[in-house]
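See structure below.
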Amino acid sequence: MSRIVIYNALIVDDGRSREGYVVVEDAVITKVGTADEWRATEVAETDCPDTMLIDAGGNMLIPGAIDEHVHFRDPGLVQKADMATESMAAVVGGVTSFIDMPNTRPATVTMEAVEAKMARAAEVSVANYGFFIGATNDNLDQLLDADYTRVAGVKLFLGSSTGNMLVDNDSTLDRIFAEVPALIAVHAESESVIAASRERLMKECGGSVPVMRHPDVRPREACVEATRHAVELAGRHGSRLHVMHISTADELDFFTPGPIEGKRITAETCPQYLTFDRGDFERLGARIKCNPAIKERSDRDALRLAVADGRIDVIATDHAPHLLADKEGDALTAASGMPMVQFSLRAMLALAADGVLSPEQVVEKMCNNPARLYGIDRRGFVREGYYADLVIVDPDGCRDDVADAEVMSRCGWTPMAGRHLPAVVKMTMVNGKIVYRGGNLVDTSTKAAMPLKFNH
């Protein structure tokens, strides 16, 4: 049996912060104690010769972040990224678990395809892993037969996506919402609204639409219309609906403030929508081109308030790496998507440092609530009996601006380059094994990572 004791820590978890210590034995947290308890039991806890002592130095000790929205590009698009490179980027950023999207090549629209991705993850991932099954116009039988203890839920695209997974058959949509026994996660953009906007702008701009017009190509009306439709379907059938990457102030009217417990309809946004606004296109160009589009500063500010009051329940990344060569072009031709998993926690803690959120709220949205939303077995909290997915963060330990040179993702760049993110991840532990510490990957073997288990 191995034992690790992390002491002199500020444990931030489940809405509160307290000084204390944590004992890890093998893969599990066996003790969470106060600072006073540590002083009283210090000898007893460290008397075992196999004990490793880690002084957290008064820094934050938090549950590993659970990123419930990533595109790791594996299989079929591995020139951009794969599960090995992106899971390493994840743990460097304090993300210990991920849930991968189905729009790969081939698309993950059968249970067999899910199993193949799980086998691949077991071989190469250094972070815990889970997967969505994707909906199409003709795979309802696969959705109904899926094992939702091993599958996170159904991913539904109401707008075009990589892999041509647009579901636009009204009868199919109605049956999905009526019959699927698990969470339905939706990319909500109206394809008809986008098509009309694209045609109008091509005429207006003479064929080539500047990348800074991307918010006009994919306008807020496309988001609002699709989100309204999804919410109406979920309300009609009592479905569990999760609307991903909310980007507009207008959509917030569809969601309820307050704790996530008991909600049937929930919302996610991403660090990019809380950090950037339309004005940043002039400096960053296609580096911040994503779907849905980043919109006005007023949208950014409204989303920040919605995270604080609970209308936004979860922060995830929509991590979608592309090679920089793919990002060349205009609003119609440059690839949409950006890498974010390595810097998401730091970006959110930067907002906390600016007073936009509290550190407790960051942990709630990135660690606690994803575990609650998906019913993930024994993860997302610093609790006795839970798996030891733990991260030590110095909230003010970084003096340098972010640079592309530190990016672990295969794509080799980040839209955060040039920004100052004061927090730094000092250590990441996955299932009781230290995989990242002191700026270095310590153990990239796959023995630490496990498949996520879900309770729908």
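Of the residues Gly385, Gly397, which is surrounded by fewer than 16 Cβ atoms within 10 Å (Cβ to Cβ), out of contact with any helix residue (DSSP H, G or I) (no Cβ under 7 Å at 6 or more places or on another chain) and at positive phi?
Gly385
Report every pair of residues separated by at least 6 positions or lying on different chains whose Cβ atoms are under 8 Å apart, first residue within the range 275-291 and on the phi > 0 side of the Ramachandran plot, second part of a helix (DSSP H, G or I).
Pairs that qualify, where the first residue is on the phi > 0 side of the Ramachandran plot and the partner is part of a helix (DSSP H, G or I), are Gly285/Val211; Gly285/Met212; Gly285/Lys327.
Can you tell me which residues in the range 119-139 are crowded, with 17+ Cβ neighbours inside 10 Å and either without any contact (Cβ under 8 Å) to a residue 40 or more places away in the chain or among the aliphatic types (A, V, I, L, M) (or both)? If you could, list the steps in order and put the result at the bottom.
Here is the first cut: in the range 119-139, the residues crowded, with 17+ Cβ neighbours inside 10 Å are 120-121, 124-136, 139.
Residues satisfying the conditions are Ala121, Val124, Val126, Ala127, Phe131, Ile133, Gly134, Ala135, Thr136, Asn139.
I'm checking my understanding of the structure. Among residues of the range 405-416 that are touching a residue at least 60 places away in the same chain (Cβ under 8 Å) and of a type in the set (A, V, I, L, M, F, W, C), which one is nearest to Leu349 (Cα to Cα)?
The extreme case among them is Met416.
Output the helices (runs of 4 or more DSSP H) that fall wholly within the range 176-265 and possess 1 or more residues being without any contact (Cβ under 8 Å) to a residue 60 or more places away in the chain, within 30 Å of Asn455 (Cα to Cα) and in contact with a helix residue (DSSP H, G or I) (Cβ under 6 Å, 6 or more places away or on another chain), or say none.
Filter on the range 176-265 gives 220-237.
Among Arg198, Arg218, which is the only one that is of a type in the set (Lys, Arg), surrounded by fewer than 21 Cβ atoms within 10 Å (Cβ to Cβ) and within 26 Å of Phe254 (Cβ to Cβ)? Talk me through it step by step, then tell me what you get.
Values: Arg218 fails: surrounded by fewer than 21 Cβ atoms within 10 Å (Cβ to Cβ).
That would be Arg198, the only listed residue that is of a type in the set (Lys, Arg), surrounded by fewer than 21 Cβ atoms within 10 Å (Cβ to Cβ) and within 26 Å of Phe254 (Cβ to Cβ).
Looking only at the range 426-440, count every residue that is on the phi < 0 side of the Ramachandran plot and surrounded by 15 or more Cβ atoms within 10 Å (Cβ to Cβ) and tell me the total. Break it down into steps so the answer makes sense when it comes.
Start the filter on the range 426-440 by keeping residues that are on the phi < 0 side of the Ramachandran plot, which leaves 426-430, 433-437, 440.
Filter again for surrounded by 15 or more Cβ atoms within 10 Å (Cβ to Cβ), leaving 426-430, 433-437.
Residues in the range 426-440 being on the phi < 0 side of the Ramachandran plot and surrounded by 15 or more Cβ atoms within 10 Å (Cβ to Cβ): 10 in total.
Identify the residue in the range 11-55 that is among the acidic types (Asp, Glu) and modelled with pLDDT of 95 or more and, among all such residues, is surrounded by the fewest Cβ atoms within 10 Å (Cβ to Cβ).
Residue satisfying both the conditions and the ranking: Asp55.
Please work out which residue is surrounded by the most Cβ atoms within 10 Å (Cβ to Cβ), limiting yourself to the range 85-116 and to residues that are more than 16 Å from His322 (Cα to Cα), more than 13 Å from the chain's Cα centre (by Cα) and in contact (Cβ under 8 Å) with a residue 60 or more places away in the chain.
Filtering the range 85-116 for residues that are more than 16 Å from His322 (Cα to Cα), more than 13 Å from the chain's Cα centre (by Cα) and in contact (Cβ under 8 Å) with a residue 60 or more places away in the chain, the one surrounded by the most Cβ atoms within 10 Å (Cβ to Cβ) comes out as Pro102.
So, in the range 141-153, exactly how many residues are without any contact (Cβ under 8 Å) to a residue 60 or more places away in the chain and surrounded by 17 or more Cβ atoms within 10 Å (Cβ to Cβ)?
So the count comes out to 3.
The values are calculated or read from the model by the stated rules, or taken from the named source; none is laboratory data. On a predicted model such as this, the values are computed, not experimentally measured, just so you know. Cβ atoms come from the backbone with ideal geometry, glycine included; neighbour counts cover every protein chain shown.
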